[in-house]
Amino acid sequence: MKLNTALETIFRLNKDQKKGLKKLGIFTISDLLYYFPIRYGDIAKTSYISDLKKGEMVNLYAIATKIKAKKSFRSHLTYTEAVLEEPSGNKINAIWFSQPYISKMLKEGELFLFSGNVSERAGKLYLANPEFQIDKNPSVQKAGSLFRDSEDDFKKLLFPVYKETRYITSKWIYHKIKKILANEDFLESLKDPIPKNILKKYNLPTLKNAFFYLHLPKKLEDAEAAKKRFAFEEILFIHLIKSLEKKKYQESGSFVIKPEKKVEKDFLNSLDFELTRKQKEVLEDIKKDISSTQPMSRLLEGDVGSGKTIVAMLASLLTVSTKPKNQSFGKLQVAYMAPTEILATQIYKEFVEILGKKFGFKIALLTSKNIQKFPSKISKEESTKISKKKLLEWILNGEIQIVIGTHSLISKNVFFENLGLVIIDEQHRFGKNQRKALRAKPQAKKEKQEDQKAKKIIKKGLVNNDDILPHLLSMTATPIPRTLALSIYGDLDLSIMDELPKGRKKVITEIFNDIEDQREDVYKKAQKELQKGRQMYVICPRIFDADIDKERSLNVRSAVSTKEHLEKNKYFKKYKIGLLHSKLKKDEKEKVMQDFLDNKYTILVSTSVVEVGVSVANATVMIIEGAERFGLSQLHQFRGRVMRSTFQPYCYIFANAKTEKTLERLKALKEAKNGFELAEFDLQNRGAGEILGNKQSGVSDLAMEAIKNLKLVEFAQKEAKALVKDNKYRKYKDLNKRLKNIQEKIYLE
Ligand code: ADP
Ligand code: MG
């Protein structure tokens with residue numbers, strides 16, 4: 001029996017149980033032991049039947065009587081029923097649903113400690129699914145009606161409570177774990193992946209002790225210590241993996257990008273604004289990185305509207321102003337990947353305006369349906385549509401220096417001549433592998449050309465570029481708290497821009513929860529802005545009305561019905577209203593957005609597709625419908641759309657928050673100074689999953705919880721770095737084994 005032994009080889013499992021375990025993601029002993037209790041039954045205090053109240057979690061000593069396994073006539077569900085009787089004579093029923101086997105575990109007439117929830121049915125209290133332990137040494141005191149002062153003996157009885165699923169109860173898990181932890185051979189074989197010196201340094205329990213502390217704790221402090229250890233373990237390994245990845249990057253070469261000072265100066269002079277202090281700081285980080293022989297791997301976290309595009313543009317300019325290594329001709333190239341067609345197109349236009357028209361670089365747009373190049377043959381001032389074949393050729397021979405696109409950039413047949421810099425915008429929108437793929441283009445090319453072109457490449461003097469990894473600038477407008485960023489993006493260096501350009505006004509945000517009667521008021525206020533010539537966004541959580549009764553869907557206004565509603569509304573009747581959502585064809589979407597940008601529409605009703613990057617400086621009013629359906633961070637991004645100018649922006653939020661918590665969450669939108677505060681809020685109140693989506697990050701709930709603890713994360717990171725340095729980690733056999741397992745898992749994902 002070992003950690004990786006399959007449970008079905010040691011326990012007899014029926015079909016249903018296997019199904020249940022699969023649902024919980026439990027297959028091996030390790031899975032089971034790493035399945036953490038969600039809480040512990042509080043045994044420190046015992047109650048008496050006469051004092052019980054509905055809804056309480058209680059512990060009580062009682063004798064089990066009238067134990068029966070039964071089957072309900074109507075639902076055919078099986079259950080166990082018993083009458084629990086205190087020596088005083090007070091009685092209460094206990095029911096274990098779907099657990100007929102309980103009847104065999106309980107013993108008629110024996111004294112047990114029961115622990116469970118007091119429920120009520122038809123005016124009668126009963127205990128639902130209580131945990132129980134037999135009292136092995138019933139004393140006179142306990143057995144008599146005076147057993148009130150014997151509680152001390154039982155403080156040590158703590159029940160772990162596990163999240164259940166159909167066919168797998170908390171008790172089942174508990175008993176199986178108990179069995180496993182009673183197996184001496186197994187315990188003997190347990191190897192701790194955390195080196196002893198680290199355990200000692202941070203006073204963490206060993207793996208074996210931690211399993212006992214976690215699943216069979218004598219006191220809550222032990223359970224806490226165990227949880228800390230496992231959180232540390234997980235975060236340590238996350239950091240080890242990230243540090244190793246980083247190290248691998250650092251071992252590859254990269255292009256040294258260090259053009260004349262004049263390039264940067266000319267660029268800054270061409271702008272009609274000055275960079276913010278934060279933009280300058282980030283640029284210094286980037287310049288330092290890309291002028292080194294090691295590839296940059298940097299994550300730029302910048303609040304919505306903080307001006308990331310300009311930073312990316314200057315980094316691009318520096319890159320394309322640089323010649324490839326050992327070459328007196330040609331230019332390095334830049335690949336800029338954005339998550340949506342609209343965004344890629346807007347970035348393309350912005351790049352064309354400056355790097356194309358003012359600096360004369362050749363730029364292309366590559367999306368699944370839209371392929372363009374600047375300049376066209378006929379006009380130096382315009383873009384032209386070209387064929388994909390042609391474009392791919394020009395990217396491969398280096399004719400085109402900057403390619404901006406969507407996922408299309410990573411498709412198999414796109415190869416660069418000398419890819420020097422990869423920029424990924426709104427990087428959280430891409431999967432891990434998509435992000436990696438763009439950067440791996442040179443390797444992919446090398447593999448493909450190994451035979452055919454090798455000679456040619458060598459002849460051209462490109463041999464030195466062989467193991468080159470492009471510099472990477474990853475950008476996100478989703479602010480991520482530091483601890484979380486350290487853990488999830490530990491392979492990247494972090495730059496933060498939490499400052500907006502001068503003159504931006506704070507968005508005046510108002511929240512209306514379940515208050516439909518103030519809608520007209522809001523409309524009136526909005527109309528006042530429109531009369532001044534401003535434009536307005538209206539964001540809706542869905543495209544069409546749900547088919548169910550209109551009554552209910554009123555609260556969840558769809559984009560389509562909202563548009564109809566506004567067109568009839570007395571305040572907005574005279575304005576042209578555009579509609580944007582994902583069901584529109586690409587060209588239609590493009591046109592709507594363009595028309596809004598050109599002020600042909602005064603109002604744009606949209607679903608969340610408007611979320612990313614798109615910049616309309618004249619739009620200063622936003623109404624958000626059904627706000628409770630969006631994440632805080634997403635709402636913050638929407639709101640960022642109206643922060644693009646020096647006019648006073650307004651954001652009116654309509655919500656139908658049912659709980660205090662949801663409302664409080666929305667209120668944070670009003671108070672937070674920037675997105676980082678909101679992210680911190682989400683982290684503390686709803687956990688890291690809210691910010692990242694648990695699935696995407698691949699981090700367990702426990703580690704997510706631990707990520708709130710800055711010290712723990714920092715210590716784990718420090719140890720991981722130390723272990724990776726000089727390959728020290730290789731000395732630790734058990735650590736390496738675990739590392740391999742994790743890497744394998746990641747690889748298979
Ligand atoms: P984001 O960080 O959300 O991607 P953008 O890069 O799109 O933001 O910038 C938002 C707007 O701010 C753009 O119109 C851009 O031209 C402008 N901008 C960027 N930097 C500055 C600055 N330093 N001063 C004034 N405006 C700026
Ligand atoms: Mg942007």
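The values are calculated or read from the model by the stated rules, or taken from the named source; none is laboratory data. In this text, all values refer to a predicted model and were calculated from it rather than measured experimentally. Here the Cβ positions follow ideal geometry from the backbone for every residue, glycine too, while neighbour counts run over all protein chains shown. These area figures cover heavy atoms from the full protein model, side chains too; ligands, DNA and RNA do not enter into them. Shrake-Rupley method; radii C 1.70, N 1.55, O 1.52, S 1.80 Å.
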Checklist entry - Quick check, is Asn413 polar (S, T, N, Q) and out of contact with any Ser or Thr (no Cβ under 8 Å at 6 or more places or on another chain)? => result yes
Checklist entry - Out of curiosity, is Ile402 open to solvent by less than 10 Å² (accessible area, probe 1.4 Å) and within 16 Å of ligand 1 (Cβ to nearest atom)? => result no
Checklist entry - Going through the range 299-336 one residue at a time, which ones are of a type in the set (D, E, K, R) and crowded, with 21+ Cβ neighbours inside 10 Å? => result Glu301, Asp303, Lys308, Lys331
Checklist entry - Out of the range 393-424, which residues are at pLDDT below 95 and within 16 Å of ligand 2 (Cβ to nearest atom)? => result Thr406
Checklist entry - Only one of (1) surrounded by fewer than 17 Cβ atoms within 10 Å (Cβ to Cβ); (2) at pLDDT 75 or above is not met by Leu669, so which one is it? => result (1)
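Going residue by residue through the range 57-79, is there one that turns out to be within 35 Å of the chain's Cα centre (by Cα) and either outside any loop (DSSP other than H, G, I, E, B) or closer than 16 Å to Asn129 by Cα (or both)?
yes
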Checklist entry - When residues of the range 634-654 are filtered for being within 16 Å of ligand 2 (Cβ to nearest atom) and buried (at least 21 other Cβ atoms within 10 Å of the Cβ), how many remain? => result 8
Checklist entry - Which ones in the range 472-519 are open to solvent by less than 10 Å² (accessible area, probe 1.4 Å), assigned to a loop (DSSP other than H, G, I, E, B) and touching a Lys or Arg at 6+ places or on another chain (Cβ under 8 Å)? => result Ala477
Checklist entry - Does the range 43-55 include one or more residues that are in contact (Cβ under 8 Å) with a residue 60 or more places away in the chain, out of contact with any Ser or Thr (no Cβ under 9 Å at 6 or more places or on another chain), surrounded by 12 or more Cβ atoms within 10 Å (Cβ to Cβ) and not in a loop (DSSP other than H, G, I, E, B)? => result no
Checklist entry - Would you call Val263 in contact with a helix residue (DSSP H, G or I) (Cβ under 7 Å, 6 or more places away or on another chain), of a type in the set (Val, Ile, Thr) and within 16 Å of ligand 1 (Cβ to nearest atom)? => result no
Next on the checklist: Which residue is nearest to the chain's Cα centre (by Cα), if the candidates are limited to the range 405-434 and must be part of a helix (DSSP H, G or I) and within 16 Å of ligand 1 (Cβ to nearest atom)?
Outcome noted: His428
Item to check | Sole residue being assigned to a strand (DSSP E or B), surrounded by fewer than 19 Cβ atoms within 10 Å (Cβ to Cβ) and of a type in the set (A, V, I, L, M), chosen from Ala94, Ala128 | outcome: Ala128
Item to check | Odd one out for Arg644 among (1) touching a Phe, Trp or Tyr at 6+ places or on another chain (Cβ under 9 Å); (2) among the charged types (D, E, K, R); (3) under 19 Å from Gly675 (Cβ atoms) | outcome: (1)
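Residue check: is Asn117 at pLDDT 85 or above and surrounded by 12 or more Cβ atoms within 10 Å (Cβ to Cβ)?
no
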Checklist entry - In the set Thr293, Thr345, which member is out of contact with any His (no Cβ under 7 Å at 6 or more places or on another chain), of a type in the set (Val, Ile, Thr) and assigned to a loop (DSSP other than H, G, I, E, B)? => result Thr293
Checklist entry - In the range 435-473, how many residues are at pLDDT 85 or above and more than 18 Å from Lys248 (Cβ to Cβ)? => result 1
Checklist entry - Is it the case that Ile92 is more than 23 Å from Gly20 (Cβ to Cβ) and modelled with pLDDT of 75 or more? => result yes
Checklist outcome for this item: Residue hits (the range 610-633; of a type in the set (A, V, I, L, M), under 25 Å from Leu683 (Cα atoms) and more than 16 Å from ligand 2 (Cβ to nearest atom)) are Ile624, Ala627, Leu632
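Residue check: is Phe273 within 16 Å of ligand 1 (Cβ to nearest atom), over 29 Å from the mean Cα position of the chain (by Cα), of a type outside the set (Lys, Arg) and not in a loop (DSSP other than H, G, I, E, B)?
no
Matching residues to (1) closer than 27 Å to Ser700 by Cβ; (2) open to solvent by 40 Å² or more (accessible area, probe 1.4 Å); (3) in contact with a Phe, Trp or Tyr (Cβ under 6 Å, 6 or more places away or on another chain):
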{"position": "Phe212", "(1), (2), (3)": "yes, yes, no"}
{"position": "Phe232", "(1), (2), (3)": "yes, no, no"}
{"position": "Ile257", "(1), (2), (3)": "no, no, no"}
{"position": "Leu268", "(1), (2), (3)": "no, yes, no"}
{"position": "Lys278", "(1), (2), (3)": "no, no, no"}
Checklist entry - Scanning for something closer than 17 Å to Val614 by Cα, within 14 Å of ligand 2 (Cβ to nearest atom) and assigned to a loop (DSSP other than H, G, I, E, B), does the range 306-318 turn up at least one residue? => result yes
Checklist entry - Of the residues in the range 348-384, how many are exposed (fewer than 14 other Cβ atoms within 10 Å of the Cβ) and assigned to a strand (DSSP E or B)? => result 1
Next on the checklist: Pairs please, first residue from the range 290-307 and away from ligand 1 (no atom under 16 Å from the Cβ), second anywhere and of a type in the set (Asp, Glu) and assigned to a loop (DSSP other than H, G, I, E, B), Cβ atoms under 7 Å, 6+ apart in sequence or on different chains.
Outcome noted: Ser297/Asp491
Checklist entry - Out of all the residues in the range 574-588, which are farther than 24 Å from Pro649 by Cβ and not in a helix (DSSP H, G or I)? => result Ser582, Lys583, Leu584, Lys585
Item to check | Every pair of residues 6+ apart whose Cβ atoms lie under 6 Å, when the first sits in the range 398-426 and is assigned by TED's automatic domain parsing to the domain that holds Lys448 and more than 22 Å from Ile342 (Cα to Cα) while the second is charged (D, E, K, R) and open to solvent by 10 Å² or more (accessible area, probe 1.4 Å) | outcome: Gly398/Glu417; Phe415/Lys445; Phe416/Lys441; Leu419/Lys441
